[in-house]
Amino acid sequence: MSVINFNIAQWRAWAPGLESVDDWQAWSRQPVVLEPSDAAPDVSFLPAMQRRRLSRLARMAFSVGWPLADGRQDLPLVFISRHGETPRTFEILSDLATDQPLSPTQFSLSVHNAVIGLWSIMRGETSEMTALAAAGDGLEHGMLEAAALLDEGAPAVLLVVTEEQPPAAYSAWIDDVPFPYAVGLLITPGNQWQLSLNSTSQALSKAHWPHALNLLRTLLGQQTTCQHAWKNRLWTWQRNL
Amino acid sequence: MSDLHREIKELIIDALGLEDISVEDIGDDQTLFGEGLGLDSVDALELGLAIQKKYGIKIDADAKDTRNHFTNVASLAAFVTAKQAA
């Protein structure tokens, strides 16, 4: 069994219609799939010329990450998204299919590390940044990365998990994004939380909600543990009170 | 402002996502790149593509005149007019 320890110093989350702590508390008590929406978070803290190319995925990442990074310099970032910029990818592929020239903006911002590149430019941040696309347990793989950065001496690590609603063409393959969302966690050294990994011989049933949203429910509720299974990996989050 | 000037300004705003800018904010002789409007190299590629698509003209990215054609709205309008007449 492998174990890591850390504190979750602060968190932020965004989904269409869910912005404040109260919104998320209400959702956590009675979680539902949100109605489809084109709503995007407010990123007016960025200059207009800088924010104009940001997709909703990037806006979601910035909206949860920016306040957590406020006043902190040399803050490493772990960006996690399983599916990434699926709307941009789909537009590029659609242009290719009809022999249209590709948009340079779409192309340059479709890569998985585009968001951390923009983050670095806009914040003047040169700390280590990583963009991960793991399977359904990307949150936990990102936590391992964050724990390694803390172990190397980082005073804090910013972790951002975000998923965009995929275009309808992908719906036969992508079934783990109930609605667009982003969760930001400011991770610091400590023992308030423990995350452990156990392997099992058979596949376990998946969590009903994406892991980051499930973790929010634990953060906001009275429970002290939550378990997330993906394939044969069983992750246990334990809060030490 | 001529119709072509206005059309090119609208194209710049739409193609480059300049959500806070209107056609009145862009001067015919205002420098587009770097100083002036403050567009960058990705904008140059995107605008070149938009002009080619809208007016059905070819732009040679390596031609030494291309940079001059993209100086401002007036030079772009002259370029489009000349290309369409050719």
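The values are calculated or read from the model by the stated rules, or taken from the named source; none is laboratory data. Because the structure is predicted, anything quoted here is derived from the model rather than measured. Glycine gets a Cβ as well: all are built from the backbone with ideal geometry, and neighbour counts include every protein chain shown. What goes into the accessible areas is simple: the full protein's heavy atoms, side chains included, and nothing from ligands, DNA or RNA. Shrake-Rupley method; radii C 1.70, N 1.55, O 1.52, S 1.80 Å.
Sketch the reach of a paramagnetic label on A:Lys231 as a point 7 Å from Cα along Cα-to-Cβ, and name the residues of region A:55-87 whose backbone nitrogen lies under 19 Å away. Under 19 Å, as judged by backbone N against the label point of A:Lys231, lie A:80-84 of region A:55-87. Largest mean-square fluctuation among A:Gly138, A:Gly124, A:Gly84, in a Gaussian network model of chain A whose springs join Cα atoms under 10 Å apart, belongs to A:Gly124. With a/c under 1.5 counting as rounded, go ahead and sort region A:32-71 into rounded, prolate or oblate using the C-alpha gyration tensor (a ≥ b ≥ c being the square roots of the eigenvalues; past the cut-off, prolate if a/b is larger than b/c, else oblate). In terms of gyration-tensor shape, oblate. Can you classify chain A as rounded, prolate or oblate using the Cα gyration tensor, where a ≥ b ≥ c are the square roots of its eigenvalues, rounded means a/c under 1.5, and otherwise it's prolate if a/b beats b/c and oblate if not? Since a/c reaches 1.5 and a/b is larger than b/c, the shape of chain A is classed as prolate.
Treating r as the C-beta distance of A:Ser2 and A:Phe90 and R0 as 35 Å, the FRET efficiency rounds to 0.40. Structure remark: mean-square fluctuation, Gaussian network model of chain A, C-alpha springs under 10 Å; the largest value among A:Val111, A:Val161, A:Val177 belongs to A:Val111. In this label model, A:Ala169 and B:Val42 are separated by 2.2 nm, measuring between points 7 Å along each Cα→Cβ vector. Counting only residues at least eight positions apart within a chain, or on another chain, the lysines with an alpha carbon under 28 Å from that of A:Lys206 are A:Lys231. When both bridge partners sit in the protein assembly as shown, DSSP labels roughly 80% of those beta bridges antiparallel.
The distance between label points at A:Thr126 and A:Gln50 comes to 1.7 nm (points 7 Å beyond Cα on the Cα→Cβ vector). The gain in end-to-end length when the B:Gln84 to B:Thr71 segment is fully stretched comes to 2.8 nm, 0.36 nm per residue minus the alpha carbon separation.
Taking a ≥ b ≥ c as the square roots of the Cα gyration tensor eigenvalues, region A:130-241 comes out prolate, since a/c reaches at least 1.5 and a/b is larger than b/c. Once the Cβ-Cβ distance of A:Ser20 and B:Lys53 is raised to the sixth power relative to R0 = 51 Å, the FRET efficiency obtained is 0.75. Our note on the geometry: Cα centres of region A:1-69 and region A:192-220, 20 Å apart. When chain B is treated as a Gaussian network with alpha carbon springs shorter than 10 Å, the biggest mean-square fluctuation among B:Val42, B:Val23, B:Val73 belongs to B:Val42.
Summing both sides, how much accessible area is buried between B and A? Use a 1.4 Å probe and give Å² to the nearest 100.
Roughly 1100 Å² of accessible surface disappears when B and A pair.
Annotation: lysines with alpha-carbon distance below 17 angstrom to B:Lys54 (same-chain offsets under eight excluded): B:Lys9, B:Lys83.
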